[in-house]
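Everything on this sheet refers to the single structure shown next.
The values are calculated or read from the model by the stated rules, or taken from the named source; none is laboratory data. Since the model is a prediction, treat every value here as computed from it, not as a measurement. Neighbour counts are summed over all protein chains in view; Cβ atoms, including those assigned to glycine, are modelled from backbone coordinates with ideal geometry. For accessibility, only protein heavy atoms count, side chains too; no ligands or nucleic acids. Shrake-Rupley method; radii C 1.70, N 1.55, O 1.52, S 1.80 Å.
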There are 2 protein chains.
Amino acid sequence: MKIVVDGMGGDHSPTEIVKGCVDAIKEMTAHITIVGDETQIQLELEKYDYDKSRLSVIPTSEVITNDDKPVKAVRKKKDSSIVVGMNMVKDKEADVFISAGNTGAIMTGALFIIGRISGIDRPVIASIFPGIKPFLLVDSGANAECKPHNLVEFGIMGSIYSEKVLGMENPSVALVNIGEEASKGTQTIQTAFELMKETHLNFQGNIEAREVPEGKANVVVCDGFVGNVILKLSEGIADLFINLLKKKLKESFLVKIGALIMSGKLKEMSKELDYSEYGGAPILGVKGAVIKMHGSSKAKAVKNAILRAQPYVENNVVEMIHDEVSQIESIKSKEMKDG
Amino acid sequence: MKIVVDGMGGDHSPTEIVKGCVDAIKEMTAHITIVGDETQIQLELEKYDYDKSRLSVIPTSEVITNDDKPVKAVRKKKDSSIVVGMNMVKDKEADVFISAGNTGAIMTGALFIIGRISGIDRPVIASIFPGIKPFLLVDSGANAECKPHNLVEFGIMGSIYSEKVLGMENPSVALVNIGEEASKGTQTIQTAFELMKETHLNFQGNIEAREVPEGKANVVVCDGFVGNVILKLSEGIADLFINLLKKKLKESFLVKIGALIMSGKLKEMSKELDYSEYGGAPILGVKGAVIKMHGSSKAKAVKNAILRAQPYVENNVVEMIHDEVSQIESIKSKEMKDG
């Protein structure tokens, strides 16, 4: 398997990206190519002892930053790590591209360079939400406005990924809504609910936001606006907890002792809520495997994203989605008839 | 001031409702009427010593449950506590109605019995979100689908309530979006952003969900779908934290000791995250004061909701919203011109 990793994206590049790659090849047999600023990457690589036959660098001269406008950046910066990496997947020189860079540019590159699977309307970002029972959140931010059949596409693609990559058997799929009844929510969600019932999915109906974190469904479907709110708000609430806890802990010596005794457990707890255990988020619905890592990914998250790329590629998730297109086409025609 | 309280709504009625009313009249000079099953309510009242000239009961024979369909229930159950209470506000026999009952029925009753303020399109539920810096979330669940000018209405009504009832000076108002730039999000939110700039509001632009819990804005505006997700997901994440913590605490004796030392602080912390400190959520945009309490409200939450009704009524929030209608009308005509 050939993996290409963006050496330039994210808050800790290339230091943590390179370390993550070195750590990953020790646990797998794949070949990794890092694309990006050769001087900087080589400087990092020199710190480590690793199998040089399985880790190489392709130099690029441009960088797409988080301030760049996605469409313009992908068009103009032909020698950026994102564009070069995407082209390698398109030209079958690599099996998967992994980046912690500008989300919009990764999405745009996946769409314009690799291209949509014919019949898929809206490729999507599927994030693994950590917790007691991790689940897949799809769409987690790509498409702010969706039609009912887009939500069904997300459910079908998310279900395949959950089964083949996350090892969930017959994954349960649910729609985020403001109540459990089929009559709740917007017209879009009500129609999506009816269309979902027509698929082969293990569709469980609507799920309220309160039940989302407990992992009541394996695949949680919503539009990208709501998905973004779910991901970001969860981070915000976690921050609020930690800040309140810190404020309280400043208040007494005895309490500090208590916190010290508990600190190992609190760390374990935050590990269970840590996205980096789960690596990256796949872009589903394009003709190649692409993984978007969190911008603040450190070496562990990078390593985990690379390791998770293996079942994504080897279990032919992209081809399996392609094979489901006929099911999606039939859903689309039903939506047209009903709408 | 005359307050009417629904003795029958919520998970702990009438026990906790009655206790909350008794506790409240000790801290204010208002008169409280409890509507509901007379026998049950009197049985509870007998437990307490209180000023009988300021707390009376109006018996009703019917109850609207959470399983009732709101519109049908409000139409048919004329002698339910919700319908009787709403009629008292409509007929100026009471200044405010407070209930922990069926949210849909309260909203329906407010709309059909008390009626919209002329010029207000969509009355709304505004919830106080607790935390380090509490803020007002509006819409927190009433209107799943909104037009741009509805969001502006929510901002104007929320701003008045925040200033007059929560004591926030020149409250800052922000729109929930998936990025800070004016070009982000759905078409509805992009238009609302432009319309917001035309108002007298202290409009701060877009706010991402991650920043919402920290109280970066005093009034957080979104449609009722997103508002429901924000409220419910926050509860869900809090539950997830507590469950993880409990799981960890079972694992070692020393950790239990640490937790014991910290327990007072953890309790204080959960108090800061406790909605019951802030009582109820006002329904804004109708021709009378109505407060919806959380279904699981206990006596403290009931008491706080009653106490907060005082500035809501005495500062003429309903009339102030009425006076802003001309501003809202001008926004509506701008939306029509642009749309």
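Remarks
- Residue list for the range A:58-76, restricted to those being surrounded by 13 or more Cβ atoms within 10 Å (Cβ to Cβ) and under 13 Å from residue A:108 (Cα atoms): A:64, A:68, A:69, A:70, A:71, A:73, A:74, A:76
- Test for residue B:142: is it under 13 Å from the mean Cα position of the chain (by Cα), assigned to a loop (DSSP other than H, G, I, E, B) and hydrophobic (A, V, I, L, M, F, W, C): yes
- Residues of the range A:236-264 that turn out to be of a type outside the set (Val, Ile, Thr) and open to solvent by 50 Å² or more (accessible area, probe 1.4 Å), as a count: 10
- The set of residues in the range A:200-222 that are facing chain B (nearest Cβ under 9 Å) and surrounded by 24 or more Cβ atoms within 10 Å (Cβ to Cβ) comprises A:209, A:212, A:213, A:222.
- Of the residues in the range B:158-173, at least one is in contact with a helix residue (DSSP H, G or I) (Cβ under 8 Å, 6 or more places away or on another chain), closer than 28 Å to residue A:239 by Cα and crowded, with 24+ Cβ neighbours inside 10 Å.
- Test set (1) open to solvent by 20 Å² or more (accessible area, probe 1.4 Å); (2) among the charged types (D, E, K, R); (3) in contact with a helix residue (DSSP H, G or I) (Cβ under 9 Å, 6 or more places away or on another chain); (4) modelled with pLDDT of 95 or more - residue A:121 fails condition number: (4)
- When A:81, A:127, A:162, A:118 are checked against the criterion of being under 22 Å from residue B:178 (Cβ atoms), polar (S, T, N, Q) and touching a residue at least 24 places away in the same chain (Cβ under 8 Å), A:127 stands alone in meeting it.
- Residue count for the range B:15-44 under the criterion of being in contact with a strand residue (DSSP E or B) (Cβ under 6 Å, 6 or more places away or on another chain) and either open to solvent by less than 10 Å² (accessible area, probe 1.4 Å) or among the β-branched types (Val, Ile, Thr) (or both): the result is 8.
- When A:244, A:249, A:233 are screened for being touching an Asp or Glu at 6+ places or on another chain (Cβ under 8 Å), among the hydrophobic types (A, V, I, L, M, F, W, C), free of Cβ contacts under 8 Å to residues at least 12 places away in the same chain and facing another protein chain (nearest Cβ under 10 Å), only A:244 passes.
- Considering each residue of the range B:275-297 in turn, at least one proves to be modelled with pLDDT under 70, closer than 20 Å to residue B:242 by Cα and within 14 Å of chain A (Cβ to nearest Cβ).
- Candidate set: the range A:158-183, residues that are within 14 Å of another protein chain (Cβ to nearest Cβ) and part of a strand (DSSP E or B); chosen: the one farthest from residue A:224 (Cα to Cα): A:174
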